[in-house]
Amino acid sequence: MNAGAPEWKPNVGAASWTPGGSAGFTVAKPSPAPAPAPAPVPDRQESTASDIDENDPLWQVVLKIAEGDRTRALKMINNPDSLTQYPEVVAILASGDGDAMETDDWEKNNDTAGGDLAKEVDEKMTIDEKPKPAAPAPAPVEEPQPEIDPASLQEGDPREHLNLVFIGHVDAGKSTLSGNILYLTDNVDKRTIERYEKEAKERNRESWFLAFIMDTNEEERAKGKTVEVGKAHFETVDKRYTIMDAPGHKNYVPNMIRGASKADIGVLVVSARKGEFEAGFDRGGQTREHAMLAKTLGVT
């Protein structure tokens, strides 16, 4: 820039500049935007040997034209325009039997993709309808119940049941008395009694055969003394009874207490023989002790 040049000032009388004035200058109009390039057409896929259906009529005809040359037949299949010169191929294509050997597989793929997309759009645009409420179930009809007789509700045998315990001094005859009651009430058959009589005779205890009904333990039969509390049952017209034969020896008092604690009624058996009666009431005698224990346990 020249520093000594005079300062430029605009000319007030000069005409204003406009585009396309006397000088003939024009402003070029903007060129239109270029049109978008067309979408590329996907290349057609060529059929390969794995795509060939040997039972397809079109393939069999083309293979026959190629005189069995599979490579030549594949080239002919991939160039459909060359097949139109063969009348037999044109006849098969016209009848629709050669659809399986169409080479435009990409068109099929596009059609399938388009169908799936349309189906997905339809599903998204479907309005979910609220299910209608189910109709209420009909109320169950109550059937009339038959009247029940209170007497029929009574379970088991209506007769009263009582537990009897036979207590007393050793060898007082408690087991014999219990066995005799069972024999008289027909709770032991005659054949069993005969077997007990024979066994008692072999042991030189002929009078003990009734005691064997209650003393079933071999140790008890050998010693002639009750060890465990024997149990048996008999009945009358009005009542049912359970007999408990308690041991009378002083060594088995705990077993006697166990049986007496379950009894409703106690039967104190006392021997009337001279010496046996007194022994039961002497010191260490079980007649007195059993009576006191039964009263303490509440046995009447």
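How many residues, within segment 183-220, are without any contact (Cβ under 8 Å) to a residue 12 or more places away in the chain, open to solvent by less than 80 Å² (accessible area, probe 1.4 Å) and in a loop (DSSP other than H, G, I, E, B)?
Counting residues in segment 183-220 that are without any contact (Cβ under 8 Å) to a residue 12 or more places away in the chain, open to solvent by less than 80 Å² (accessible area, probe 1.4 Å) and in a loop (DSSP other than H, G, I, E, B) gives 1.
How many of the residues in segment 246-266 are crowded, with 16+ Cβ neighbours inside 10 Å and under 15 Å from D171 (Cα atoms)?
Step one: of segment 246-266, the residues crowded, with 16+ Cβ neighbours inside 10 Å are 246-249, 252-253, 255-257, 259-260, 263, 266.
Now restrict to residues that are under 15 Å from D171 (Cα atoms): 246-249, 252-253, 256.
Looking only at that region, the number is 7.
Since G280 meets every condition but one in (1) in contact with a strand residue (DSSP E or B) (Cβ under 9 Å, 6 or more places away or on another chain); (2) of a type outside the set (A, V, I, L, M); (3) over 19 Å from T226 (Cβ atoms), which condition does it not meet?
(3)
Taking the condition touching a residue at least 12 places away in the same chain (Cβ under 8 Å) and polar (S, T, N, Q), does T226 pass?
Against the criterion (touching a residue at least 12 places away in the same chain (Cβ under 8 Å) and polar (S, T, N, Q)), T226 qualifies.
Going by the conditions given, is S178 open to solvent by less than 20 Å² (accessible area, probe 1.4 Å) and in contact (Cβ under 8 Å) with a residue 24 or more places away in the chain?
Numbers: open to solvent by less than 20 Å² (accessible area, probe 1.4 Å): yes; in contact (Cβ under 8 Å) with a residue 24 or more places away in the chain: yes.
Answer is yes for this residue.
For K231, indicate whether it is surrounded by 14 or more Cβ atoms within 10 Å (Cβ to Cβ) and either free of Cβ contacts under 8 Å to residues at least 40 places away in the same chain or of a type in the set (D, E) (or both).
On the way: surrounded by 14 or more Cβ atoms within 10 Å (Cβ to Cβ): yes; either free of Cβ contacts under 8 Å to residues at least 40 places away in the same chain or of a type in the set (D, E) (or both): yes.
Yes; evaluated as a whole, the condition is true for this residue.
Of the residues that sit in segment 59-73 and are open to solvent by less than 10 Å² (accessible area, probe 1.4 Å) and touching a residue at least 24 places away in the same chain (Cβ under 8 Å), which one is nearest to the chain's Cα centre (by Cα)? Show your work before the answer.
Residues of segment 59-73 that are open to solvent by less than 10 Å² (accessible area, probe 1.4 Å), as a first pass: 59, 62, 66, 73.
From the residues that got through so far, the ones that are touching a residue at least 24 places away in the same chain (Cβ under 8 Å) too are 59, 62.
Values: W59: 60, V62: 65 Å.
Among them, the one singled out is W59.
Of the numbered conditions (1) assigned to a strand (DSSP E or B); (2) under 18 Å from A211 (Cβ atoms); (3) of a type in the set (D, E, K, R), R240 satisfies every one except a single condition; which is it?
That leaves (2) as the condition not met.
Could you list, in sequence order, all residues of segment 250-279 that are over 60 Å from the mean Cα position of the chain (by Cα) and in a strand (DSSP E or B)? If you could, list the steps in order and put the result at the bottom.
Looking only at segment 250-279, we keep the residues that are over 60 Å from the mean Cα position of the chain (by Cα), and these are 268-279.
Scanning segment 250-279 gives L268, V269.
I'm told A37 meets every condition in (1) of a type in the set (A, V, I, L, M, F, W, C); (2) modelled with pLDDT under 70; (3) touching a Phe, Trp or Tyr at 6+ places or on another chain (Cβ under 9 Å) except one. Can you identify the failing condition by its number?
Single failed check for A37: (3).
Between a residue in segment 268-279 that is within 17 Å of P247 (Cα to Cα) and surrounded by 14 or more Cβ atoms within 10 Å (Cβ to Cβ) and any residue that is modelled with pLDDT under 90 and of a type in the set (D, E), which pairs come within a Cβ distance under 8 Å, given they are 6 or more apart or on different chains?
Here the result reads S271/D171; E276/D171, each pair linking segment 268-279 to a residue that is modelled with pLDDT under 90 and of a type in the set (D, E).
The values are calculated or read from the model by the stated rules, or taken from the named source; none is laboratory data. Only a predicted model underlies this, so the values are computations on that prediction, with no experimental measurement involved. Quick reminder, even Gly has a Cβ in these numbers, built from the backbone with ideal geometry, and neighbours come from all protein chains shown. Note: accessible area is taken over every heavy atom of the protein model, side chains too, but ligands, DNA and RNA are not part of it. Shrake-Rupley method; radii C 1.70, N 1.55, O 1.52, S 1.80 Å.
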